[in-house]
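Below is one structure, written out as structure tokens; the observations come after it.
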Amino acid sequence: MTRSAALARRIRDTGHAGRGAEPRAWTSGRAVRAWSAVELMGEAERARTEAYAPYSRFRVGAALLLSDGRVVRGCNVENASFGLSICAQRNAVWKAVSEGVREFVAVAVTAGRAGDASPCGACRQVLHEFAPGLTVYWRDARGRIVRRRLGALLEHAFTLKRRGSS
Ligand SMILES: [Zn+2]
């Protein structure tokens, strides 16, 4: 086995490329049933440690559970031109879709102790694009995990008729 093949296998098997290897893999190869809300929130907390929020200091992490059991993490990334900033949940969606995955089961979002992490309207719409039946977990201002169906958070979501498969 070549070195790159061995590394690829290690990333696939462990979700991590090992010490010093870049880029770090963003998935964890665990079965869907193994993920509890608390565990998924733990992944969101991990994502939050990477948040880039020097302007608001409102650091957010998200963990998107895919239909195949893997988890994609995302954090908010701010910009000096504020309108270019991106939320953690959308960051995770962009990562998943760009890796060829569009089927999502659940998302967990946390802002730690900074406050309620209920997804913003823009993120609700983006999540709805791919997973109208998504289960959404977020940590509220008191630290509790709240669970809602996306449909309850975004009634009458905007949709368009699709023209083809892509
Ligand atoms: Zn958002």
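Bear in mind these aren't lab numbers, they're just calculated from the coordinates by the rules spelled out. Everything quoted here is computed from the prediction, not taken from an experiment. Virtual Cβ from ideal backbone geometry, glycine too; neighbours counted across all protein chains shown.
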>> Need one number: nm distance between label points at ALA141 and ALA80, each 7 Å from Cα along Cα→Cβ, rounded to one decimal.
In response: 3.3
> Could you give me the ³J(HN,Hα) list for the range 70-85, computed from phi with Karplus coefficients 6.51, -1.76, 1.60 and θ = phi - 60°, whole Hz, x at Gly and Pro?
Replying inline: 7, 10, 10, 9, x, 10, 6, 10, 8, 9, 4, 8, 3, x, 8, 5
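Compute the FRET efficiency between THR49 and ASP116 as 1/(1 + (r/R0)^6), taking r as their Cβ-Cβ distance and R0 = 22 Å, and round to the nearest 0.05. If you can, show how the numbers build up before the last one.
Values: r = 20 Å, r/R0 = 0.89.
After rounding, the FRET efficiency stands at 0.65.
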>> Show me the ranking of peptides 134-145, 106-117, 89-100 by mean Cβ neighbours inside 10 Å, starting with the highest.
In response: 106-117, 89-100, 134-145
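Can you tell me the length gained on complete extension of the stretch ALA157 to VAL97, counting 0.36 nm per residue apart and subtracting the Cα distance?
Values: separation 60, 0.36 × 60 = 21.60 nm, distance 2.02 nm.
Here the segment from ALA157 to VAL97 would lengthen by 19.6 nm.
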>> Please list, ordered by chain and number, the residues whose modelled amide H lies under 5 Å from the amide H of ASP116; skip anything fewer than 5 residues away on the same chain.
In response: ALA141
